[in-house]
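To start, the structure under review is shown below, and the notes come after it.
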Amino acid sequence: MSESRGIDRRSFFKLIGGGIVVFFGLDPSALFAQDRGRIYPEDFNAYLLIGGNGRVTVYSGKIEMGQGVMTSQAQMAAEELGVALSSIDMVLGDTELCPWDMGTFGSLTTRMFGPALRAAAADARAVLLRLAARKLGVPQAALVVDDGVVFVASDPARRIGYGELAKGAKIAHAVGERAATRTVSEFRQMGKSPQRLDAPEKVTGEARYAADIRLPGMLYARILRPPAHGATVARLDTTAAAKLPGVKLIRRDGLVAVLHADPEAAAAALERIQAEWRVPQPTVDGESIFGHLLSASADPKEISHNGALAAGRANAAQVFETSYRKGYVAHAPIEPHAALARVVDGKATVWASTQTPFPTRDRIAQALRFDPKNVRVITPFVGGGFGGKSSDRQAVEAAQLAQIAGKPVQIAWTRAEEFFYDAFDPAAVVSIVSGIDRRGRISFWDYSVYAAGERGASPCYELPNARVRSFRGLSYDPNVTGKSLHPFAVGPWRAPGANMNVFAVESQIDLMAAAAAADPLAFRLRHLKDPRMIGVLRAAADAFGWKPAAAPSGRGVGVACSIDAGTYVATMAELKVDPASGRVSVQRIVCAQDMGIVVNPDGAKMQMEGAITMGLGYALTEELRFRGGEILDRNFGSYAIPRFSWLPKIETVLVSNDGLAPQGGGEPAITPMGAVLANAVFDATGARLFRLPMTPERVRSAIAAKAAAGEPERAGAG
Amino acid sequence: MKTAIQFRLNGRPATLTTDGGRTLLWVLRTDLGLTGTKYGCGTGQCGACTVIVDGKAVRACLTPLKDVADREVLTIEGLARDGRLHPLQQAFIDHGGLQCGYCTSGMLMGAYALLLQNREPSRAAIMAGMERHLCRCGAHQRIVGAIAAARPMEERS
């Protein structure tokens, strides 16, 4: 694969002008995790520049899609440099200005990129102190930094600003040994919640997203789309469309597009194109997909195995054999994919809504047969990603059309295109066989996940005789050989796989707690040793006012917990179920999280609240309807995402853990949502839901099945 | 068919000679360069394109340009006046009522119309009034808090 590695230092200075630049990279283990098999002996993953005007610019390949990293990265840099937050400028996701980065996902920005950024800023401070010592003629130890000014501690009138030190300099400094970063007790910027840097432009409409970029002479493109994935054109008539004034029709290599200076005129032209399609016979739908996933899955990967399952089973007083299912879930960001491309003189510039500017650049280069160094991807604000803005089809299409048309071309997907080309969270199945002994302790645990991957599959509990297996990995992992299991694209969705796995694990734990007639919280604590998990569970219980009782208690309360992206989460819910309609209304969610050092507490809480709110969707309503490659949900009318009326009272608790480096924040709190609501529904009704989403029909029929069986909670038990 | 269409836009007179059947959303975003009003669904279901016409919230993606002839249109770009943020905008900042920001323009305009109708809405009234606005980041709780805090609105000239 052809890839450029960003620019060398000489061209960098040409581009940037003078100043002091500190380059920094991730440490080798982080690089390994980012892109296995590649080695970066001289590659830098970001840099920061101290300009002659005293302003500090951080160039980072990470992008801002709402998660607040523009602000948290600036806080980290400001902290270690000893400058005010307002003197930091952030340049994000520009492949010409920023060094290579794999993409913004996996709750990695603060966790893995953060330490490198802080080290670089600390190093920059050391460089500035050295320069200041020379200029002021005092030893470094005599100097103090405050708000971007270095002064002699004993004689504060003798001072010099960062800007003055950087003026005329062309110092390129690579972070070698790590300068000492500040400790929590020294923090002045980190651990605070300043106003978001992006807030002012987002409330005034000034913030630019990819579809908001305008270039002189640009055209808006609409592309002919198939009615189903896998469909091919049988007959095509474009004459009526081509006759419309101002329309530019492009047909090349299967790409059929109409371009116009007015986006509505382009849409009208697209409607005049007559196409007949050969649509393959659908082989799976939303019900048969689960059997398909099970039958197509062979050769599991063993994630972990301890003890002896047979011995554990022999020791079990009760055995529970269950199967959990979840359908496909859409990302549905409010901003559909968009891109504007300009191709001039063998160089392409593409403004794209993407979480992965560098891989996007490489794919565009491949499509245009350009050297990647002649492709620049600029990432404006991204209007929500959640893992879904990594496929980049729209950016490649815009670049191809701009190249053919010889004019700038913008593609902004309709909502129907957004649904059609989404890389959905895959449908998945988890099968568990587990048991408890006479004392109500888990005696064995045999766990198999199909198509969701292993994230979140390993329970946080102390389990004797346990095996965890994953069939077909993440099912969209390119390393998994063989034909795709799915009738359309699937891909990472906020905490990929963990939502399914935690739903299964934590439902099963709950089901066993009920069988043991134990309080679900006490049952969990009985099987835990990890102090961080015990800590978040107790914090959640305190905030919630948890009163011990075995489920079903009729109160409609539930608990679930998980470890994700290095962060520990415990969530408690209170809800009501209308037995007639099966409708679930969530009253209250309390979520306690231990994420190590918290860079921006309010930002962290916003991510938790967002994750909890989004989690209501996959737990209660969101399930893509499809027939083979035909996507039946094409807009918000039939695909219901969370609304204001669903909103429970959400309380978040950050459990202090300043001894640990910052951990992930964007994803963890979404992972227990399916399980905590399923457990609370069980507590309310005695009916256990084994499938997400828990639609009113499914809740109603689970209640009916329980009533018919005449016994509480044995529906899933073996 | 091109005709001259006049209306007031963000407090100023505007005249466009164009096809009155064109959609307000796209006229704002292209001819007028006001890209703060967003496309989200094209069918009036998400609220990202909400603007105010004669004091009422409308979906710009469903509104033909000719429908605003001789009327007063307010978009997100007109909410702050003389460089001063509207109290709702300030409240959204102060309460963290935004994440990715893409639904924010529509949220603010919807909230603006809500407060014109009901100067002191209860929390329940805010949630009901904002029901047709979608946010995927899950900023709902803070948006409700921001709208509650922005009431009663400052008198504005």
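Of the candidates A:I650, A:I563, A:I597, A:I589, the single residue that is among the β-branched types (V, I, T) and either part of a helix (DSSP H, G or I) or out of contact with any strand residue (DSSP E or B) (no Cβ under 9 Å at 6 or more places or on another chain) (or both) is A:I597.
Determine which member of the set A:T360, A:T356 is out of contact with any strand residue (DSSP E or B) (no Cβ under 8 Å at 6 or more places or on another chain) and closer than 30 Å to B:T30 by Cα. The conditions single out A:T356.
For beta carbons closer than 7 Å, sequence separation of 6+ or different chains, a first residue in region A:360-386 that is within 29 Å of B:G40 (Cα to Cα) and part of a strand (DSSP E or B) and a second that is modelled with pLDDT under 95 and of a type in the set (S, T, N, Q), the qualifying pairs are A:R376/A:T95; A:V377/A:T95. The residue list B:L65, B:L74 contains one member that is of a type outside the set (K, R), touching a Lys or Arg at 6+ places or on another chain (Cβ under 8 Å) and within 13 Å of chain A (Cβ to nearest Cβ), which is B:L65. Scan region A:92-101 and tell me whether some residue there is surrounded by fewer than 20 Cβ atoms within 10 Å (Cβ to Cβ) and either of a type in the set (A, V, I, L, M, F, W, C) or touching a residue at least 40 places away in the same chain (Cβ under 8 Å) (or both). Yes, region A:92-101 contains at least one residue that is surrounded by fewer than 20 Cβ atoms within 10 Å (Cβ to Cβ) and either of a type in the set (A, V, I, L, M, F, W, C) or touching a residue at least 40 places away in the same chain (Cβ under 8 Å) (or both).
A quick yes/no check of all residues on (1) of a type outside the set (A, V, I, L, M, F, W, C); (2) within 18 Å of A:G52 (Cα to Cα); (3) within 14 Å of chain B (Cβ to nearest Cβ); (4) over 36 Å from the mean Cα position of the chain (by Cα):
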{"position": "A:L108", "(1), (2), (3), (4)": "no, no, no, no"}
{"position": "A:A124", "(1), (2), (3), (4)": "no, yes, no, no"}
{"position": "A:R130", "(1), (2), (3), (4)": "yes, yes, no, yes"}
{"position": "A:A157", "(1), (2), (3), (4)": "no, no, no, yes"}
{"position": "A:I160", "(1), (2), (3), (4)": "no, yes, no, yes"}
{"position": "A:G168", "(1), (2), (3), (4)": "yes, yes, no, yes"}
{"position": "A:V184", "(1), (2), (3), (4)": "no, no, no, no"}
{"position": "A:R188", "(1), (2), (3), (4)": "yes, no, no, no"}
{"position": "A:D198", "(1), (2), (3), (4)": "yes, no, yes, no"}
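Scanning region A:76-91 for residues that are surrounded by fewer than 23 Cβ atoms within 10 Å (Cβ to Cβ) and either aromatic (F, W, Y) or part of a loop (DSSP other than H, G, I, E, B) (or both) yields a single hit, A:A84. Checking each residue of region A:421-442 against the condition of being under 25 Å from the mean Cα position of the chain (by Cα), more than 14 Å from chain B (Cβ to nearest Cβ) and farther than 30 Å from A:P300 by Cβ gives at least one match. Elements of the type helices (runs of 4 or more DSSP H) sitting completely within region A:477-554 and holding at least 2 residues that are within 22 Å of A:I432 (Cβ to Cβ) and charged (D, E, K, R): these cover A:498-515, A:520-526. Answer yes if at least one residue in region A:201-208 is in contact with an Asp or Glu (Cβ under 9 Å, 6 or more places away or on another chain) and small (G, A, S), and no otherwise. Yes: one or more hits.
Among the residues of region A:272-322 satisfying the criterion of being part of a strand (DSSP E or B) and of a type in the set (A, V, I, L, M, F, W, C), which is nearest to the chain's Cα centre (by Cα)? The residue in question is A:I303.
For A:R118, work out the one condition from (1) among the basic types (K, R); (2) farther than 16 Å from A:V22 by Cα; (3) modelled with pLDDT of 85 or more it doesn't fulfil. Unmet condition: (2). Checked against the criterion of being within 11 Å of another protein chain (Cβ to nearest Cβ), basic (K, R) and either more than 13 Å from B:G78 (Cβ to Cβ) or surrounded by 16 or more Cβ atoms within 10 Å (Cβ to Cβ) (or both), region B:18-29 has at least one qualifying residue. Counting the residues of region A:611-632 that are in contact (Cβ under 8 Å) with a residue 40 or more places away in the chain and facing another protein chain (nearest Cβ under 8 Å) gives 3.
Within region A:206-246, the residues that satisfy the criterion of being of a type outside the set (A, V, I, L, M), at negative phi and over 40 Å from the mean Cα position of the chain (by Cα) are A:R235, A:D237, A:T238, A:T239, A:K243, A:P245. If you take the residues of region A:259-276 that are out of contact with any Phe, Trp or Tyr (no Cβ under 9 Å at 6 or more places or on another chain) and surrounded by 14 or more Cβ atoms within 10 Å (Cβ to Cβ), which of them is nearest to the other protein chains (Cβ to nearest Cβ)? Only one residue tops the list, namely A:A268.
Just to check your reading of the model, which residue among A:L97, A:L48, A:L85 is modelled with pLDDT of 95 or more and at negative phi? Exactly one residue qualifies, and that residue is A:L85.
If you go through region B:1-36 and keep only what is assigned to a strand (DSSP E or B), in contact with an Asp or Glu (Cβ under 9 Å, 6 or more places away or on another chain) and basic (K, R), you end up with B:K2, B:R8.
The values are calculated or read from the model by the stated rules, or taken from the named source; none is laboratory data. Owing to the predicted nature of the structure, the values given are computational and were not obtained by experimental measurement. Counting neighbours? That spans all protein chains shown, and the Cβs are built from the backbone with ideal geometry, glycine included.
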